[in-house]
Amino acid sequence: MPKGNSLGDFEQLVMLALIRIGEGAYGMIVRREIEDRTGRNVSLGAVYATLDRLEAKGLVRSSIGQAGQGRRGRAKRFFSVEAAGLDALRRALTALDRMRAGIDELDRIKEVDS
Amino acid sequence: MNQTDTASVTLGPDFPGPMSRCLLSLLVPPGRREEFVGDLIEEAETVVLPRSGRRAAKRWFWRQALTSASPLYARHFHKGVEMNRARWIAIALLMVLGPLMALDPNVFGASPGTVALVVLAILIPTLACLVSGNLRVYAGAALASAVLLLAARVSSGIEIRWYAMAWIFFIILMVNWRIEHRLQSS
């Protein structure tokens, strides 16, 4: 795996949020998706910095949209996952699954959570 | 939450005001500032305001802006370092090779005019690297430097020896920096 394409914990969350949202994903929606699903308090700046880093790695692409209502004339920047991004995410999640497999303590936590 | 708060539909047409915009321009680095601030306004107005009122929405807005400054600036500076890596290498190289070049016995014993030409030949590209990010400026500085070295060589007959390598390094590094710059902005 190319070194530059390994994904950190928060990068994985951002990529998963982008995939869940699909078309029309932009900073604010990504932030809310992560906050709603993980309960983690996330700053919009952290989301933007991560999206920017993922874009520089070629895992995500962005395009500027029209200025929406309620944004005082400011345009939205839409993000979507590139094929290389999907591959990198798949690899990261597979590695995590392999590391987790067979650890009884984690399985017990999973059962309690569900 | 008071009556006025719950009745509010927007944070006001002028929000954020001129002073707030000034503060935001300090907290949020340039680049994607407009999209970032647009997102903050939208969430504050469409999500936080209806749920918690105007005061809470403004408080949320500023808390977000403040906590966002650190990751945004960290990314901004990191990007700057990545983009300018070759530029800083060139500056370091010139800082080291420049004095070595000036202390070369051939230059050291030459006339004041020749010494001035060599010093200028070192200073011009170093300053160009420090103050500009433009490849044309670098190319002009390298050319000016080469002309000055040649003038020093012709006027006093001093040898231009190993330090000619510095200019080859310099040009390679600038081309490398330009490629990085193009990759970053594409």
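The values are calculated or read from the model by the stated rules, or taken from the named source; none is laboratory data. Computed from a predicted model, the values in this text were never measured in an experiment. Virtual Cβ from ideal backbone geometry, glycine too; neighbours counted across all protein chains shown. Remember, those area values only see protein heavy atoms, side chains included, never the ligands or the DNA or RNA. Shrake-Rupley method; radii C 1.70, N 1.55, O 1.52, S 1.80 Å.
What is the ratio of the Cα radius of gyration of the range B:11-54 to 2.2 N^0.38 Å, where N is its residue count, to two decimals?
For the range B:11-54, the normalised Cα radius of gyration comes out at 1.20.
Spacing of the modelled spin labels on B:ALA92 and B:SER155, each 7 Å from Cα toward Cβ, amounts to 3.4 nm. If you take the charge dipole of chain A about its Cα centre, with +1 on Lys and Arg Cβ and -1 on Asp and Glu Cβ, which of A:GLY73, A:GLY24, A:LEU93 is farthest toward its positive end? Farthest towards the positive pole: A:GLY73.
The mean number of partner chain beta-carbon atoms within 10 angstrom of a residue's beta-carbon across peptide A:47-60 is 4.
Suppose R0 equals 45 Å; then what is the FRET efficiency for B:SER52 and B:VAL119 from their Cβ-Cβ distance, rounded to the nearest 0.05?
Given R0 = 45 Å and the Cβ-Cβ separation, E is 0.10.
When only the heavy atoms of the protein chains count and the probe is 1.4 Å, how do B:CYS129, B:CYS22 rank by accessible area, highest first?
Result, largest first: B:CYS22, B:CYS129.
Amide hydrogen proximity for A:ALA25: with H placed 1.01 Å from N in the peptide plane, the residues at 5 or more positions away or on another chain lying under 5 Å are A:PHE79.
Phi-derived couplings, Karplus 6.51 cos²θ - 1.76 cosθ + 1.60 at θ = phi - 60°, listed residue by residue for the range A:76-84: 9, 10, 8, 10, 9, 8, 7, 4, 4 Hz, with x used for Gly and Pro. Using the Stokes-Einstein relation with a Kirkwood hydrodynamic radius computed over Cα pairs, the translational diffusion coefficient of the range B:12-128 at 37 °C and a viscosity of 0.692 mPa s comes to 178 µm²/s. Consider all pairwise Cα distances in chain A and report the whole-number % of them above 22 Å. Everything past 22 Å amounts to 40 percent. Just how far, in whole angstrom, is the range A:52-96 from the range B:28-63 if you go by their alpha carbon centroids? First find each Cα centre; the distance between them is then 21 Å. Using θ = phi - 60° in the Karplus curve 6.51 cos²θ - 1.76 cosθ + 1.60, the 3J(HN,Hα) couplings for the range A:39-53 round to x, 8, 6, 10, 8, 4, x, 5, 5, 5, 4, 5, 4, 5, 5 Hz; x is entered for Gly and Pro.
Each stretch of four or more DSSP H residues adds -39500 (n - 2.57); spread over every residue of chain A, this sum gives -18500 deg cm²/dmol at 222 nm. Structure remark: mean-square fluctuation, Gaussian network model of chain A, C-alpha springs under 10 Å; the largest value among A:GLU35, A:GLU55, A:GLU11 belongs to A:GLU35. The mean number of Cβ atoms from other chains found within 10 Å of a Cβ in peptide A:71-78 is 6, as a whole number. Take B:LEU150: with every protein chain present and a 1.4 Å probe, its accessible area is about 110 Å². Shown in residue order for the range B:19-27 are the 3J(HN,Hα) couplings computed by the Karplus curve 6.51 cos²θ - 1.76 cosθ + 1.60 at θ = phi - 60°: 5, 5, 5, 4, 5, 5, 5, 7, 6 Hz (x for Gly and Pro). Shielding of peptide A:24-33 by partners, expressed as the average count of other chain Cβ atoms within 10 Å per residue Cβ, is 3. Leaving ligands and nucleic acids aside, the B/A contact buries around 2300 square angstrom of accessible area in total at a 1.4 Å probe radius.
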